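The block underneath contains the structure these notes are about, expressed in structure tokens.
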Amino acid sequence: MRSRNPVFSRRGFSRDNGYAGFNAAPQAGGPAVGTQQGNPYAQQAGNPYAQNPYAQQDLSYGAPPQAPAATGRMTMDDVVARTATTLGLVVLTAVLSWVLLPVDEANLGKSYGIAIGAGLVAMVLALVQSFKRRAAPALILSYAALEGVFLGVISSAVSTYIADGVVAQAVMGTMAVFAGVLVAYKAGWIRVNRRFYGFVMAAALGFVLLMAVNLLFTVFGGGDGLGFRSGPLGIVFGVIGILLGACFLALDFKQVEDGIAYGAPREEAWLAAFGLTLTLVWIYMEFLRLLSILNSD
């Protein structure tokens, strides 16, 4: 089963590689993953993880193996370090763009143009990395820098023209969602299984399609389109977007946990950082949009 984040559905974090994925471990009494019956990928030619030291462990009790001690394998420290680097770059360039690209009447058009250009290039880089078989740190960091430029200008405009303090509230809300989902996931209150995955993916697909239709009506019809991003409906869809982001975080945590447990190579920590950054940016933008609606006239 694949995560919502496209970067987690590449080789490093997909169920197809034989070491990561939902319900990868057998049920109690079933064949061990390390055997040919339990793990059809353990002896598959060309599988880069076929020789990982956990391919021969007995998982008949349904528990994933412990994180590998061998060098070259991804650890939680690797994921935390890469995520901190990527998010730190987003924050740094956002602050710089806030300061260097003012949104006053004289510079608003220029600043918006740079922000939109940076956002489009960041989207292209994200798509390129998503379809690459290996993590490219240069692509990921470039995406983070450009995404920060976009977020900085948009956040500055919201703070200037809608409500001062909204950006700080959106940041705190994003941090609260991240911390809350992490605690709930580690405590076992959120059970990430096939049913959960299917529900989240169906809800996300419907949400994205509705937002795409609303955007088309906005571009070609003017005004607020179908009203999904303004007024009472905008508030409802803003809350739904934040809840979906929280669900995406749970999926991402599961994929990272499985990747570490089954011995993903260290380079995959960059993909984990990239995926978590995408989700946190999603949640921040939904908070910013929701708070803008609540504070607008």
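The values are calculated or read from the model by the stated rules, or taken from the named source; none is laboratory data. From a predicted model like this one, the values you see are computed outputs, not experimental measurements. Virtual Cβ from ideal backbone geometry, glycine too; neighbours counted across all protein chains shown. Each accessible area value is taken on the protein alone, full model and side chains, heavy atoms only, with ligands, DNA and RNA left out. Shrake-Rupley method; radii C 1.70, N 1.55, O 1.52, S 1.80 Å.
Descriptive notes on the structure:
- Checked against (1) open to solvent by 30 Å² or more (accessible area, probe 1.4 Å); (2) modelled with pLDDT of 90 or more; (3) farther than 27 Å from Glu267 by Cβ, Ala138 passes all but a single condition, namely (3).
- Unmet requirement for Arg229, which otherwise passes all of (1) open to solvent by less than 20 Å² (accessible area, probe 1.4 Å); (2) assigned to a loop (DSSP other than H, G, I, E, B): (1)
- Candidates are the residues of the stretch 239-275 that are among the aliphatic types (A, V, I, L, M) and in contact with an Asp or Glu (Cβ under 6 Å, 6 or more places away or on another chain); the one that is most open to solvent (accessible area, probe 1.4 Å) is Ile242.
- Scanning the stretch 146-167 for residues that are within 16 Å of Trp282 (Cα to Cα) and either in contact with a His (Cβ under 6 Å, 6 or more places away or on another chain) or among the small types (Gly, Ala, Ser) (or both) gives Gly148, Gly152, Ser155.
- Residue match in the stretch 149-170 (condition: assigned to a helix (DSSP H, G or I), open to solvent by 60 Å² or more (accessible area, probe 1.4 Å), closer than 21 Å to Ala273 by Cβ and of a type in the set (Val, Ile, Thr)): no
- Candidates Gly206, Gly180, Gly188 - the one that is free of Cβ contacts under 8 Å to residues at least 24 places away in the same chain and closer than 15 Å to Leu243 by Cβ: Gly206
- Residue match in the stretch 183-192 (condition: surrounded by 13 or more Cβ atoms within 10 Å (Cβ to Cβ) and either over 20 Å from the mean Cα position of the chain (by Cα) or within 28 Å of Val91 (Cα to Cα) (or both)): yes
- Qualifying residue in the stretch 238-259 (condition: aliphatic (A, V, I, L, M), part of a helix (DSSP H, G or I) and over 18 Å from the mean Cα position of the chain (by Cα)): no
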